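Read through the structure below, which is laid out as structure tokens, and then see the notes.
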């Protein structure tokens, strides 16, 4: 249950063109070139060169940072100097993008002189890149980050900033290494090393198609293998059945969640921001009341969650297997979305079924019964099958998993349960990167791509404290670079952080920084916290729950108040 996270640009129907037009050209000249040279531009994949750059700093320096051959980044304190913070500021002029362009994507590429264990985040910047030594500005809008700097070109997705023609300025801010990093500037004598902006987009279907460019693979350092999770066993306790059918929240359905803020697609993609969700297990202490388990956390953080996550089994009985159960039906009526993680096992007996058992037809009666109940909900619900299959060797091969997934999906379709929104969930651990292509059932069978990133810190024997950006970024980039689930919305189906035994305020700050990490990874459209001590054993140095103390709760509540996680939709009900 250790996972990581980037995403490919959604490809629209119709022929595709790319544009990366030099900003120094006049608009009229560009217009003439577009008609005659676009195929060449698409094939050669040129990029915009920066029109200005400088290093922002408050430290008095001789000379003009805007004409130096290197840019610098450094946090405060930098090399022991509390005033030494430095940000690299780069400006680009985008011209010639047609009014018919859609799906525009912009990638910033800047060359670093060495590898470094530093996180560098790209921000939309109001700083004037033409000044000699402008002061750094407190970052507001995070666009993307790299969790480790590589010697050579590093890339940031800045599509959220570059919306078309105009002048766009990006600042690079560094954390995690208290010494300077140097980057090639636009004045570097080697033109190939200067900062670049790669811009591509789709246009109307009148152009000749070209082959989409593939981003170079990003190296992800190997990490310690994840701790084995404790099974989510939820004992069934009889409870009177609800007699009122679940309400169907009103939903508009623009394609792919696009449109004005406040709309939701038929596949539950919010048009702005991301859903905020919770897995909070019930226990004998509250009578196995799954509804109260969620309500208690909502009371602590002062808002309702958009998504409630529950794990269910193949028993087809009680709260474990006969779902949606009364608790979930009530949560649906109150406007929450439900995510059913369906496991091919029996929680009560501890029996594990193989994927061959599933696709052989042995469990058709159970599959059809669940499909019938899902159909009866009458509203879209998230549905998963055997999350994290890479960690289930006893169930069969990767090919067996794909066959079982498709089998279950197709039986739901035959039963008319078209309201099931299918979420494919992997751990995302780098040690399994070579298996994920083989575990993907195919775009026809998957609606969302999910993964489960954790900042384990000492919980799994590591000593590395990972920021939210580092925690969610690795598998996000791997997905982008390898084209798995290209164009699908992404979900943190589970995520969490440990406490820091040497820094009591670290967990609170981690939560407070989390919305910025989501904004820097805009393909993530839902984030669900796994609030269970079963993830790891509790100890003085290990507790992954978000409410293990008042400071952590305060940080989590602050994150939940961020506007990015509070879309004004009919589904996103809250106090």
FRET efficiency for residue 283 and residue 351, using Cβ-Cβ distance with R0 set to 22 Å, rounded to 0.05: 0.45
Order of 261, 272 under a 10 Å beta carbon neighbour criterion, fewest first: 261, 272
Overall form of segment 254-377 per C-alpha gyration tensor (a/c, 1.5; a/b vs b/c): oblate
Anisotropy class of segment 62-201 from Cα gyration tensor, a/c 1.5 cut: prolate
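Can you divide the C-alpha Rg of segment 321-449 by 2.2 N^0.38 Å and report the result to two decimal places? Please list the in-between numbers first.
Values: Rg = 14.6 Å, N = 129, 2.2 N^0.38 = 13.9 Å.
Relative to the 2.2 N^0.38 Å estimate, segment 321-449 comes out at 1.05.
Would you mind ranking 343, 388 by Cβ crowding within 10 Å, fewest neighbours first? Mind showing how you got there, number by number?
Numbers: 343 22, 388 25.
Result, fewest neighbours first: 343, 388.
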Label zone at residue 410, where the point sits 7 Å out along the Cα-to-Cβ direction: segment 443-481 residues whose backbone N lies under 17 Å: 443-446
Highest-first arrangement of 414-424, 64-74, where packing means the average Cβ count within 10 Å: 64-74, 414-424
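Given a Förster radius of 22 Å and the C-beta distance between residue 99 and residue 167 as r, what FRET efficiency does 1/(1 + (r/R0)^6) yield to the nearest 0.05?
Values: r = 18 Å, r/R0 = 0.83.
It comes out at approximately 0.75.
Go ahead and run the numbers for FRET between residue 539 and residue 133, Cβ-Cβ distance against an R0 of 56 Å, rounding to 0.05.
Numbers: r = 49 Å, r/R0 = 0.87.
Taking R0 as 56 Å, the efficiency between residue 539 and residue 133 is 0.70.
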Whole-angstrom gap from segment 342-390 to segment 100-179, using each part's C-alpha centre: 44
Length-normalised contact order of segment 280-333 in % [C-alpha pairs under 8 Å, at least 6 apart]: 24
Three-way shape label, segment 262-322, alpha-carbon gyration tensor, a/c 1.5: oblate
Ranked by how many other beta carbons lie within 10 Å on average, peptides 154-160, 176-182, 96-102 from highest: 154-160, 176-182, 96-102
Potential extension, residue 69-residue 503 segment - 0.36 nm per residue separation minus Cα distance: 152.3 nm
Burial ordering of 338, 172, fewest other beta-carbon atoms within 10 Å first: 338, 172
Value in Å of the Kirkwood radius, where segment 270-565 supplies the Cα pairs that are averaged: 19.6
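FYI, it's all coordinate maths here, none of it is from the lab. What you see is a predicted model; the values in this text were computed from it and never measured. Cβ: placed from backbone, ideal geometry, glycine included. Neighbour counts: every protein chain shown.
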